[in-house]
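The numbers here are math on the coordinates, done by the rules we state, and not lab data. Treat the numbers as computed from the prediction; the structure is a model and nothing was measured. With ideal geometry, Cβ positions are generated from the backbone for all residues, glycine too; neighbour counts draw on all protein chains shown.
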Amino acid sequence: QVQLVESGGGLVQPGGSLTLSCAASRSIFSFNVMGWYRQAPGDQRELVATLTTDGIAVYADTVKGRFTISRDNAKNIVYLRMVSLKPEDTAVYYCNARGPWTSYWGQGTQVTVAS
């Protein structure tokens, strides 16, 4: 078991930046893939970015060039740096930890991009 706690969400103007953090209750080194997903009202949860232990990052086309995922295995934290935010980035952002047979989710953090 692992608990994932997201933080760093909030209200930001279009063009602004935010950095989300996902703190794990134990080592994340054992998880093959750490990721960020988001869900807007009325929509399905969608992939934002994932990062493997080998350092391979995958991004949704809608966030490429604007978002950066990183992980600090020593601190058990995964980050999502978001710049040039757009209103369509508004959603609840969820952290995910995926191992060979397990998948864990955090409770989510709200990001609202509006003027």
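In this structure, the amide hydrogen of Leu85, modeled 1.01 Å from its nitrogen in the peptide plane, lies closer than 5 angstrom to those of Gly15, Gly16, counting only residues at least 5 positions away or on a different chain. FRET efficiency for the pair Thr62 and Ser103, taken as 1/(1 + (r/R0)^6) with r the Cβ-Cβ distance and R0 = 25 Å, rounds to 0.65. Across the options Thr102, Ala91, Asn73, the greatest Cα extent toward the positive end of the charge dipole of the chain (unit charges at beta carbon of Lys, Arg, Asp, Glu) belongs to Asn73.
Here the relative contact order of the chain, from alpha carbon pairs under 8 Å that lie six or more residues apart, stands at 37 percent. Using bins of 5 Å that start at zero, the share of Cα-Cα pairs per bin across the range 6-82 amounts to 3, 14, 25, 26, 19, 9, 4, 0, in whole %. The H on the amide N of Thr90, modeled in the peptide plane, is under 5 Å from the matching H of Val113, each at least 5 residues off or on a different chain. Between the beta carbons of Phe29 and Glu88, assuming R0 = 41 Å, the FRET efficiency works out to 0.75 to the nearest 0.05.
At 0.36 nm per residue, minus the direct Cα-Cα distance, what do Leu47 and Gln110 gain on full extension? Give it in nm, one decimal, please. Write down the numbers at each step before the final one.
Working: separation 63, 0.36 × 63 = 22.68 nm, distance 1.56 nm.
Going from the current span to full extension adds 21.1 nm.
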